[in-house]
Each structure stands twice: as C-alpha cells, then as structure tokens.
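See below for the structure under consideration.
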Amino acid sequence: MGITLAHKSKLRRITFFDVVIYGIMTLSLLVCIIPFLYMYALSFSSVQDIMNNRVSLWPRGFNTAAYKQIFTYPNFFQAYRNTLLYTSGGTFIALAMTILFGYPLSKSFLRGNRFFMKLVVFSMFFSGGLIPTYLLINALRITNTPLAMLLPFAISPFNLIILISFFKGVPREIEEAALIDGLGYYGILTRIVLPLSTAALATIGLYYAVFFWNDWFNALIYLKSSQYPVMLFLRNIVNGTMTVGEGSGAADRTTIGISIKAAVIIVSTLPIIILYPMLQRFFIAGLTVGSVKG
C-alpha cells in the first residue's frame, strides 16, 4: 500500500495551464525548426524541384551540388580554421577576463566598487563609435592580426553583470570558512567559487562563443582576406551568387544561387546548433543549495 501511495503521489493532474504552456513551447519549437528544415531541404534538392516549387520540409531529388560548390572555394577551409581560432581563443580570453573583473566587483566592501559598476553600466549604453574604435585598434598595431578579433571584445558588460550577480549568490559563509582555513581569495576563486559557478560560466561561455562565431563585420574592418572567418567568407559567397543570379537573368542559375545560399546557412549554423546540447546539462540553477548547513 505504501508503494501504491508513493506511486500515486508522483502523478499529477494536467491542468489547463499546463496545456497552454506545452502548446506555447511546441509552437515556439516549430517556429524555430521549420525554417531550418526548409533551408536543409533546399540545400539538398535538385534544381528542377526547386524551380517547380516542389520542395517543402524534405529534400526532393537529392543533390549535393550546392555543398560541392562551396567546398571548392580555395579559402573555405582556411576560413573555417580562422573561425575556430577566433571562437576558441576569444571565448577563453573573454571568460578569463570576465571572471577576473567580475569577482572583485561582486565584493561590495571593496573601495571603488560602486564607481566601477557605474562605468560598466555606462559602457553598455555608450561607446566611442566605429571610427574612434578603429583608430584605437590601429594605434595599438593589432590590425591585420588575430588580436583585433580577440582583445577589443573580450569583456561584454551584459555578461559581466550576469556573472557578478551569480558570484554574489555564492554564500559568504563558504568563503569565510575558507579564509579561516588559510585559503586566499585567489584560491577561493579557483577552488570554490568557479566550481560552484559552472552553470553561469557555461551560459556566458556559450554567449561569447556565439558572438565570436557570428562576428563578420569586425573582421571586414580589421582583417585582410586571408584572415577572414567563415561567416564573412560565406557572406561573400552569398553576395556573389545573388549577383550572378540576378545579373544573368537565367532561372536555373538563380535557383542554383538559392540552393547555395541555403547550404551556406546550414554550414554556418550547424556547429553552434551542435554545441547547445553539449552544454545543456550545465544549465542548472541552484548549484549552491545545500552547500551550507545550519
């Protein structure tokens, strides 16, 4: 009987509110996944099926010509290597600098804390502008180098504020106990605070990775063509196929251009989409619950 009651206690009546929530979640999922499936179908469909509007959410007349044409570009794989360098290196530097800046700002007893927090908030809404930023980076002599993609965007004020709020949520009793045991603030940060902040670090790291992966405008300004990331490289491909298709006036060439653009979208977004499930297990709230007893 105890087992039966325990089993019944796990059952819960589905209310109208639950149905509404699940309906909204399902609708949001369809809104996100249907355009991606349509791009996937276009990228693998034949020219005849695309011209006759027979492609929906599944490829018709399976064809890989669009991907073969993308991969034949001589600098495509070099651009992908550049993107991996900018994304991995930029995310690591950004996380390190955000942690080193955010942990001291989470301590309200430090002198000047409020002043620096106001500077962080101010920088969220106001910046020097494009030309002063370019002059600064040029004066530092990091143009045409990977550092132009890594250092100027190492700290995001929005991500910094998120991490500061999370650091403030770590119970002070844990740090005080570590101080009594003789552990310094650097040891507290590396041995206690960072392991308890895995969820926040994974979330912010994903934000940084998406930013560096999608960034093409700054590469267009600061880098030369051999250093272009894959997003800028694929953007140039899309612009080229659009020009060829519209300028030639031929329906088949325009259709090939549409297929190439769809393939470009798949190639450029698939790695980030794969990254989300790998980090999903870290998005857990309340990691510090139960750390302090009494």
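The values are calculated or read from the model by the stated rules, or taken from the named source; none is laboratory data. Values in this document were obtained by computation on a predicted structure and should not be read as measured data. All Cβ positions, glycine included, derive from the backbone under ideal geometry; neighbour counts span all protein chains shown.
A few points about this structure:
Let's see how each residue does on (1) among the charged types (D, E, K, R); (2) farther than 30 Å from residue 209 by Cα:
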residue: 42; (1), (2): no, no
residue: 46; (1), (2): no, yes
residue: 55; (1), (2): no, yes
residue: 60; (1), (2): yes, yes
residue: 71; (1), (2): no, no
residue: 75; (1), (2): no, no
residue: 79; (1), (2): no, no
residue: 85; (1), (2): no, no
residue: 88; (1), (2): no, no
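- Helices (runs of 4 or more DSSP H) lying entirely in segment 1-101 (those with 2 or more residues that are closer than 30 Å to residue 216 by Cα and modelled with pLDDT of 80 or more): 16-44, 65-71
- Test for residue 171: is it over 20 Å from residue 198 (Cβ atoms) and either in contact with a His (Cβ under 6 Å, 6 or more places away or on another chain) or not aliphatic (A, V, I, L, M) (or both): no
- Verdict on residue 212 being over 25 Å from residue 84 (Cβ atoms) and buried (at least 17 other Cβ atoms within 10 Å of the Cβ): no
- Evaluating residue 135 against the criteria (1) in contact with a helix residue (DSSP H, G or I) (Cβ under 7 Å, 6 or more places away or on another chain); (2) surrounded by fewer than 17 Cβ atoms within 10 Å (Cβ to Cβ); (3) at pLDDT 90 or above leaves one unmet condition, (1).
- When the residues of segment 168-184 are filtered to those that are outside any helix (DSSP H, G or I) and within 31 Å of the chain's Cα centre (by Cα), the one that is surrounded by the fewest Cβ atoms within 10 Å (Cβ to Cβ) is 171.
- Any hit, segment 162-175, residues being under 27 Å from residue 210 (Cα atoms), at pLDDT below 90 and aromatic (Phe, Trp, Tyr): yes
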